[in-house]
Amino acid sequence: AFTSPAFAQATFEEAMSLFEDQNYAEARAIAEPLANADDPRAMAMVAAILQKGLGTPIDIVGAKSWFQKAAEKNHPGAQLSLAMLLLDPAAGEADPEAAAVWLEKAATGGNAQAQYNLGLVYVGRYGTAPDWVKAAQWFRKAADQSHPAAVYNLAACHYNGFGVKQDFAEAFRLGLLQIGKRGV
């Protein structure tokens, strides 16, 4: 008699393949047990499915919960996604201070989008007190990774002397980099 299990435990890679094929219901069916077994990648996937309502009704509360669990396990994408939900008043009560904590974790790990958004937190975009020195530092880190909006904002900082010494030549150089990336 054949005694092997009918189904071997599915892997995250199988869930990712299904997700990429836009088969979200099956991806979630595989990812959710993995998420419950502490796989941060699966947690982030379930959160993304819930956040965007992929094959299921949108569930921002559920998405935040799964992003939080994955973020606490040092998943950089989840840290960024959680922070962005915490900055979005449409996703519930905005909490820029908590968002900044998660952005800094992802930014310190090298995530350019998190670095850029942390710069925005420090310019006061989300109702926080401006700290132009920190804003320019984070814009620089993201600009060094060719993040277009960070390059633009860093150029503006140099042009206006916000958080850095006013330097028209550096603002111009950064502006040219920005134009060159757009193919103009």
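List the pairs whose first member sits in the range 86-102 and is of a type outside the set (A, V, I, L, M), whose second member is surrounded by fewer than 15 Cβ atoms within 10 Å (Cβ to Cβ), and whose Cβ atoms are under 7 Å apart, counting only residues at least 6 apart or on separate chains?
Listed by first residue and then by second, the contacts come to 96/127.
How many of the residues in the range 51-74 are open to solvent by 10 Å² or more (accessible area, probe 1.4 Å) and of a type in the set (A, V, I, L, M)? First the steps, then the outcome.
So in the range 51-74, the residues open to solvent by 10 Å² or more (accessible area, probe 1.4 Å) come out as 51-62, 64-66, 68-69, 72-74.
Filter again for of a type in the set (A, V, I, L, M), leaving 54, 58, 60-61.
Within the range 51-74, residues that are open to solvent by 10 Å² or more (accessible area, probe 1.4 Å) and of a type in the set (A, V, I, L, M) number 4.
Might you check whether a residue that is of a type outside the set (Gly, Ala, Ser) and modelled with pLDDT under 95 occurs anywhere in the range 130-143? So that I can check it myself, show each step before the final result.
Step one: filter the range 130-143 for residues of a type outside the set (Gly, Ala, Ser), giving 130-134, 137-141.
With modelled with pLDDT under 95 added as a condition, the list becomes none.
No - not one qualifying residue is present in the range 130-143.
The values are calculated or read from the model by the stated rules, or taken from the named source; none is laboratory data. Everything quoted here is computed from the prediction, not taken from an experiment. Cβ atoms come from the backbone with ideal geometry, glycine included; neighbour counts cover every protein chain shown. The area values use the complete protein model at the heavy-atom level, side chains included, leaving out ligands, DNA and RNA. Shrake-Rupley method; radii C 1.70, N 1.55, O 1.52, S 1.80 Å.
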